[in-house]
1. Given a 1.4 Å probe, how much area per residue of the chain is accessible, in Å²?
2. How much of the calculated P(r) for the range 38-159 lies past 22 Å, in percent of all Cα pairs?
3. Would you mind counting up the charge near residue 144? Only other residues with Cβ under 10 Å from its Cβ, with Lys and Arg at +1 and Asp and Glu at -1.
4. Using a basic spin-label model with each label point 7 Å from the Cα along Cα→Cβ, how many nm lie between residue 173 and residue 157?
5. What are the membrane-span-like helices in the chain by this rule: whole DSSP H runs, Cα extent along the axis at least 18 Å, mean Kyte-Doolittle hydropathy at least 1.6?
6. Just to be sure I follow: if Rg is taken over the C-alpha atoms of the chain and Rh is the Kirkwood radius over the same atoms, what is Rg/Rh?
7. Rounding to the nearest 20 debye, state how big the charge dipole of the chain is about its Cα centre with +1 on each Lys and Arg Cβ and -1 on each Asp and Glu Cβ.
8. Computing the accessible area with a 1.4 Å probe over protein heavy atoms, can you report the carbon and sulfur percentage for the chain?
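The values are calculated or read from the model by the stated rules, or taken from the named source; none is laboratory data. These numbers come from a predicted model, not from an experiment. Cβ placement follows ideal geometry from the backbone for every residue including glycine, while neighbour counts extend to all protein chains displayed. The accessibility values were calculated without ligands, DNA or RNA, using every heavy atom of the protein model including side chains. Shrake-Rupley method; radii C 1.70, N 1.55, O 1.52, S 1.80 Å.
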Amino acid sequence: MIRIAVLVSGNGSNLQALLDAQKNGGLNGAEIALVISSRRDAYALERARQAGIETQEVVRKELAADLFDIAICGALSRCNIDLVVLAGFLQVLGPGVLGRYADRILNVHPSLLPSFGGRGLYGIKVHEAALQAGVKVSGATVHLVNEVVDGGPILLQKAVDVLPGDTAESLQQRVMREAEWVLLPQAVAMLAKELAQQKTAAGA
Ligand code: GRF
């Protein structure tokens, strides 16, 4: 059974999409075993608790610089995690986690990368930048995570129309509803299946 950890920082709507997909058998048998939040007040933690999933809070400002990465690694290792999903996670992972879980970390970004991605472009800021640029189409991307912020190999993308009169908030809601919440479960299911096949081949 592929074990998933979901890393969150906020509302957890993407986590909820994964929880719903798991309930409906949409994750190819993979199991969400742990939710790690970088904020103690993230509603995503409540969503995890309601689903009976173990949670852990790892707050960067409460830890010495390198201890954040070590704490994340420790939690993932303790729970025998195979696949890591960043779902609205607002911290940058360090070399410890990136090295140990290379090619096994997914992130959902609320634009069609490489447009409107990179340091400083997250959450509502992404949609503000898209509207500022006057694009007629936006969307979401799921990619593998590496040392380049929003720079890893792209796995899935889905386009969403920008409508006349859109605000950053209305665009964000449409991108989440029509793209993020669709793509992330699909990408997790794809990668979980691949990892399960690798485990079988390795006789794990
Ligand atoms: C959203 O802006 C989403 O586009 C991005 O992170 C933010 C919070 O998402 N991935 P969530 O509701 O916490 O999943």
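1. Working: 9640 Å² over 204 residues.
Each residue of the chain exposes 47 Å² on average to a 1.4 Å probe.
2. In whole percent, the share of Cα-Cα pairs in the range 38-159 beyond 22 Å is 41.
3. Net local charge, residue 144 excluded: 0.
4. Placing both labels 7 Å along Cα→Cβ, they lie 2.7 nm apart.
5. Length and hydropathy pass: none found.
6. 0.96
7. Working: 19 positive and 20 negative charges, 41 e Å.
Result for the chain is approximately 200 debye, rounded to the nearest 20.
8. 52 percent
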